[in-house]
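Q: Have a look at this one.
The values are calculated or read from the model by the stated rules, or taken from the named source; none is laboratory data. Quick caveat, the model's predicted, so the values are computed rather than measured. Here the Cβ positions follow ideal geometry from the backbone for every residue, glycine too, while neighbour counts run over all protein chains shown. For accessibility, only protein heavy atoms count, side chains too; no ligands or nucleic acids. Shrake-Rupley method; radii C 1.70, N 1.55, O 1.52, S 1.80 Å.
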Amino acid sequence: DNCAARPGPMPASLPEALRITPEQLAEVWRPADSAESISLLARIADLGDAEEEPRISLWLDFLHATLVFAKEQRFSAAKALASFDLIQSLASHAVNALVANEGELPASCLSFFSSAVLESTKAMAPSERFSLVDVEALMAHARAAVIDHPWLIRTVFTVGQDVRLSEATYLVQRPTAPEPLADAEQVESFETEDALDLCVSPPADSAAEETAADTSSAELDLPAPEQTSEEEAQTPADASPTPPPASEALGKSVEAYLSEFTAAMEARQAAQEALLQQRIDALEAKVGKA
């Protein structure tokens with residue numbers, strides 16, 4: 001930030017007296033919002049930006065307060081414009097009057113305003129002249145606006161004020177535009193390929209064990225050779241046709257192993273499919289954000 005002190009741009013005096021027409025007065029009176037009325041008055045006065053210069057803002061508020069006073073008193077346009085000119089001349093006297101000490105300024109302002117009201121009333125048309133009630137109200141407004149604190153008016157509009165100007169530079173960087181999807185290349189993941197291989201083919205050891213188990217099962221299912229007449233003669237009459245106990249135990253063991261192996265392979269395949277779906281969802285979300 002660059003900061004520098006400089007005196008206020010407004011000269012050490014009041015702005016020139018503002019003269020407005022009855023049509024402009026009606027425009028200022030029309031809005032119900034005081035901010036809008038002050039904005040219209042600023043455009044008529046052409047004093048610059050009130051937001052940048054505090055003295056201009058104070059002067060516009062001062063002028064607007066007088067017009068509001070005239071509206072509340074139900075003054076005609078002639079009386080309102082006359083009172084508007086009288087208050088401006090009073091403020092100018094408070095700023096520019098030559099007095100020996102501070103105590104003489106309020107009395108000087110009161111004497112000046114009394115004479116100015118008398119002269120203004122004489123110059124007006126008989127039907128538009130101020131009445132006694134109007135003069136009393138106008139005098140009360142003049143006291144509240146200027147006469148009771150003329151040195152405040154003089155100080156505000158004559159003493160230079162230092163203003164600090166600050167300048168700041170802001171740099172806003174926009175994000176880089178993503179590349180078009182048409183130029184994107186699909187990248188194969190080794191982990192995904194390995195997961196697919198595991199889902200498709202079981203390990204080599206498991207495959208060998210499964211083959212051996214199938215072979216044993218096939219051997220167990222082979223039909224027994226037919227006995228010859230001599231063997232039948234040698235076979236005892238009470239011999240039972242039951243298979244050997246060792247073969248029956250081996251068949252049950254192989255069947256249990258195949259059941260466990262099938263369940264394990266189904267669980268592994270389900271886990272690999274879930275992992276693959278999760279990676280696909282993450283890739284689609286990444287492409288969607290891009």
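Q: Please identify every one of the GluC sites (Glu not before Pro) in region 54-129 that sits in a loop by DSSP and has no more than 14 other beta carbons within 10 Å of its own beta carbon.
A: Filter output for region 54-129: E102.
Q: Further question: Just check region 20-116 against the gyration tensor rule for me: Cα atoms, a ≥ b ≥ c as the square roots of the eigenvalues, rounded for a/c under 1.5, and otherwise prolate or oblate depending on whether a/b exceeds b/c.
A: Oblate is the answer for region 20-116, as a/c is 1.5 or above yet b/c matches or exceeds a/b.
Q: Still on this structure: Enumerate the lysines that K289 could reach by cross-link, defined here as Cα to Cα under 30 Å, with residues fewer than 8 away along the same chain left out.
A: In chain and number order, there are no partners.
Q: Right, next: Within region 60-144, what whole-number % of the accessible surface is contributed by carbon and sulfur, with the 1.4 Å probe and all protein chains included in the calculation?
A: Percent of accessible area from carbon and sulfur atoms in region 60-144: 57.
Q: How much net charge surrounds I44 when only the other residues with a Cβ under 14 Å from the Cβ of I44 are counted, with Lys and Arg +1 and Asp and Glu -1?
A: Result for the neighbourhood of I44: -2.
Q: At a probe size of 1.4 Å, how large is the accessible area of V68, to the nearest 10 Å²?
A: 50 Å²
Q: Before I look further, what does region 77-129 give for accessible area per residue, probe 1.4 Å, in whole square angstrom?
A: Per-residue accessible area for region 77-129 comes out at 48 Å².
Q: Under a straight-distance cross-link criterion of Cα-Cα below 21 Å, which lysines are reachable from K79, leaving out those fewer than 8 residues away in the same chain?
A: K71, K122
Q: If I ignore ligands, DNA and RNA and count only protein heavy atoms, how much of K71 is accessible to a 1.4 Å probe, in Å² to the nearest 10?
A: K71 exposes around 100 Å² with every protein chain in place.
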